[in-house]
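See structure below.
The values are calculated or read from the model by the stated rules, or taken from the named source; none is laboratory data. Everything numeric in this text was worked out from a predicted model, so none of it was measured. So basically every Cβ, Gly included, is an ideal-geometry build from the backbone, and we count neighbours across all protein chains shown.
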C-alpha cells in the first residue's frame, strides 16, 4: 500500500471544509480532480471515506480514522522539514564533541560559552575521551568532531590544526628542580606527582612514556582539574606535568615555578578531527571556525 502525501493533505483539507469544492480550492485543485483523487484513495484503502450530499460532506468511520492518522503523518512531515531546514543554519542544532582532558577543562568552556550565548537554539554534548576513542568516535560517526593534542594516527579523517601548547613541569617555590631551565621526564620520577584522574588523556599519555623508561610514576593524589593540581603543587604536596597554558593561567594567582620539559613529545599540537568538513552541518562548521579563531 502506497500513500501519496499530496492525497493525504487533500483529504485533510476536504475533511476540514464544509464541502469538497472548498476543500479542493484549499488544495489548489478543481473539484473534479479532487474527487478523482479521493476515489483513488478509497480504492486503494478498499473502503469509503466520505459521503457527499447537498449539505456538504460527512466522514465515514474509516474516514474519521484516516483523518487522525493523516494529521499525525503530515505533522511529522512538517517537523522533518523544519529540522532539516535548521541544519542549513548555524543558529540551531545539536553538536556532539569528543575531546581530551585539556580541551574539556581548559579552553572549551570559554569557547563554548561565547558560542552558545549567541545561539539559543544550539545544544552541545561534550564528552572527555582518550585519544584513541576520539579517533574511533569520529571514524564511526559517534561524534561530530574530536579535539586532540599531540600526534595522531587518523587515516581517513581530516586533521585541522588550530593551536600549539607545551607540557611543562610545575613545582612549588624552593623545590630542588625549580632552579633548572630544563628537565627530562626521568629526573622528575624521583618525586611524587600530582596527577589527573583515572581515564584522563594526559595521565594515560604520561604513563605510556614512563613505562618506556622502565620506571614508575609515583602518584600522591589524583584530581579532576588543573586548578586543583596547581593548588596542591603550590602547597608543596608534590609536582605535576601540566599544559603550559594551564600553568600560565594559574600562576597569576598561585606561587608556582614552571620548568621546561626537555622531551620532543612535550610539544602538543592541538587539532580538530572530522570525517568530512564540508559535509558537516553549518552549526558544527561554525563552532570549528570559532575554535580556530579563538586560539
- Number of positions in the range 125-152 that are within 20 Å of residue 94 (Cα to Cα), free of Cβ contacts under 8 Å to residues at least 60 places away in the same chain and touching a strand residue (DSSP E or B) at 6+ places or on another chain (Cβ under 8 Å): 6
- Would you check which residues across the range 62-94 are outside any helix (DSSP H, G or I) and at pLDDT 70 or above and list them? 91, 92, 93, 94
- Query: Does any residue of the range 215-238 turn out to be in contact with a helix residue (DSSP H, G or I) (Cβ under 7 Å, 6 or more places away or on another chain), in a strand (DSSP E or B) and surrounded by 15 or more Cβ atoms within 10 Å (Cβ to Cβ)?
  - Reply: yes
- Would you be able to say whether some residue in the range 116-124 is within 11 Å of the chain's Cα centre (by Cα) and closer than 22 Å to residue 242 by Cβ? no
- Query: Can you pull out the residues in the range 161-176 that are at pLDDT 95 or above and surrounded by 16 or more Cβ atoms within 10 Å (Cβ to Cβ)?
  - Reply: 167, 168, 169, 170, 171, 172, 175
- Query: What number goes with the only condition from (1) within 30 Å of residue 238 (Cβ to Cβ); (2) outside any strand (DSSP E or B) that residue 155 does not pass?
  - Reply: (1)
- When the range 197-208 is checked residue by residue, the ones that are surrounded by 17 or more Cβ atoms within 10 Å (Cβ to Cβ) and in a helix (DSSP H, G or I) are 201, 202, 203, 205, 206
